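Comments concern the structure below.
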Amino acid sequence: MKQTKQILVRDVPVGGGAPIAIQSMTNTDTRDAQATLAQIRALADAGCDIVRCAVPDAQAAEALREICAGSPIPVVADIHFDYRLALASIEAGVDKIRLNPGNIGGADRVQAVVQAASARHIPIRIGVNSGSVEKHILEKFGGPTPEAMVESALYHVGLLNDCGFDDICISIKSSSVPDTMRAYLLASEKTDYPLHLGVTEAGTEYMGTIKSAAGIGGLLALGVGDTIRVSLTDDPVKEVYAAKAILKAVGRAEDGINVVSCPTCGRTRIDLIGIAKEVEQRCMAIRGKKLKVAVMGCAVNGPGEAREADLGIAGGDGVGLIFRKGEIIRKVPQEQLVDALMDEIEHFEGE
């Protein structure tokens, strides 16, 4: 895994070997502090570590005072073009700024933001995507190629470095999964700043999750990435659940239940699809435990095929087996299988 510089977003470390932080973004009107806080609390309950809020105007920046004071997780202000909104957001108490310094005017404005951020020990995320690359860089590379996006990001980094600022995180996103992956891999070679992974404009819950799993998951499996945001055209809470699933799939989750299940076959004699969905749903809310749970359709082969699972169930004909590490521990009626499994999970203490 690539060792990067570590930044601190309130009390959440990002980079430097810290656990992968899950991020999301509110889609409420930031000027409505109460609605925004309600969504932030829902995101935090789902497992979100850091939340970002759009700051389109001075009223939204002012609302951040109440939002930051009441948020259970660090708040990032999303700023575009207007450096005064960055200054107002910092004054309001945000924990991080997302801003591209090349887009806010002259060096004096960049210096003003840097001084305010430095005084509050607030990091800045530089966020480049395929639609925001500077014209002169587009002309150099012939379009928003991965190389162009990385050069754009490093251009903005240079502007902050010129002001003596080094508390930086970088994101380089495209709606193309291959371009996103190439850009992050190239950035990982060229810089030690922590990388915020994501596939921009990924789409609806279905396709957006698939694109994010391929792009974000692929990079994490290669040891690249320090914090992630799954972008979905849907309830942002679903972004958090998708992010947690990606971390589990690539073995980077710090806790949570990793549910595996067989695809069913002609030997299946129970409603395995329904059971697997129920187990997965009930396990989503479990925090503070890290274990692998198997839902298998065959009482003959199930425990053996899922021997590496901590706990599991295997269906029979009207009954099912509860097993642990491949060893059968009890037999229960089919209708009691899920409840019995959840009871075992609750009392599981590991080896």
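Coordinate-derived values only; no laboratory data. Just so we're clear, the structure is a prediction, and the values are computed from it rather than from any experiment. As a convention, Cβ positions derive from the backbone with ideal geometry for all residues, glycine included, and neighbour counts pool all protein chains shown.
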| request: Starting from the stretch 215-283, pick out the GluC sites (Glu not before Pro) whose DSSP state is loop and whose Cβ has at most 16 other Cβ atoms within 10 Å. | output: Glu254
| field | Over the chain: Kirkwood hydrodynamic radius from C-alpha pairwise inverse distances, Å | value | 21.7
| request: Identify all aspartates and glutamates with a Cα-Cα distance to Lys140 below 19 Å; exclude those on the same chain that are fewer than 8 residues away in sequence. | output: Glu151, Asp179
| task | Could you check what % of the DSSP bridge pairs in the chain are antiparallel, to the nearest 5? | result | 30
| request: May I ask which residue of Val279, Cys265, Tyr241 lies farthest towards the positive end of the charge dipole of the stretch 214-290, with charges of +1 (Lys, Arg) and -1 (Asp, Glu) on Cβ and the Cα centre as origin? | output: Cys265
| request: Quick one: of Lys96/Lys135; Lys5/Lys244; Lys238/Lys277; Lys289/Lys325; Lys96/Lys290; Lys211/Lys277, which pairs are farther than 18 Å apart, Cα to Cα? | output: Lys96/Lys135; Lys5/Lys244; Lys96/Lys290; Lys211/Lys277
| For the stretch 1-79, share of DSSP beta bridges that run antiparallel, in % to the nearest 5 | 30
| field | Two-decimal log10 I(q)/I(0) for the stretch 1-134, as the Debye equation yields it once each C-alpha is a single scatterer, q = 0.13, 0.17, 0.19 Å⁻¹ | value | -0.53, -0.90, -1.11
| remark: Averaging 1/r across every pair of distinct alpha carbons in the stretch 223-336 and inverting yields a Kirkwood hydrodynamic radius, in angstrom, of 15.2
| Folded to 0 to 90 degrees: helix 58-70 orientation relative to the chain principal axis, Cα | 40
| remark: The farthest towards the positive end of the charge dipole of the stretch 20-127, of the residues Val110, Thr36, Ile50, given +1 on Cβ of Lys and Arg and -1 on Cβ of Asp and Glu, is Val110
| query | Which angle between 0 and 90 degrees, to the nearest 10, do you get for helix 236-249 versus the longest principal axis of the chain when only C-alpha atoms count? | reply | 60
| message | Net charge around Pro101, counting only other residues with Cβ within less than 11 Å of its Cβ (Lys, Arg = +1; Asp, Glu = -1)? | response | 0
| To the nearest 0.05, how large is the calculated FRET efficiency for Ala69 and Tyr206 if R₀ is 22 Å and r is the Cβ-Cβ distance? | 0.05
| said: With angles folded into 0 to 90 degrees, how steeply does helix 337-347 sit against the dominant principal axis of the chain? Use alpha carbons for both and round to 10. | reply: 60
| field | Alpha carbon centroid spacing (whole Å) that separates the stretch 98-175 from the stretch 61-95 | value | 19
| note | Full extension between Gln3 and Asp32 adds, at 0.36 nm per residue less the Cα distance, a length in nm of 6.5 nm
| Unit Cα scatterers, Debye sum, the stretch 73-190: log10 I(q)/I(0) for q = 0.10, 0.12, 0.20, 0.21 Å⁻¹ | -0.29, -0.42, -1.05, -1.12
| Debye, to nearest 20: dipole size of the stretch 122-201, +1 on Lys, Arg Cβ, -1 on Asp, Glu Cβ | 180
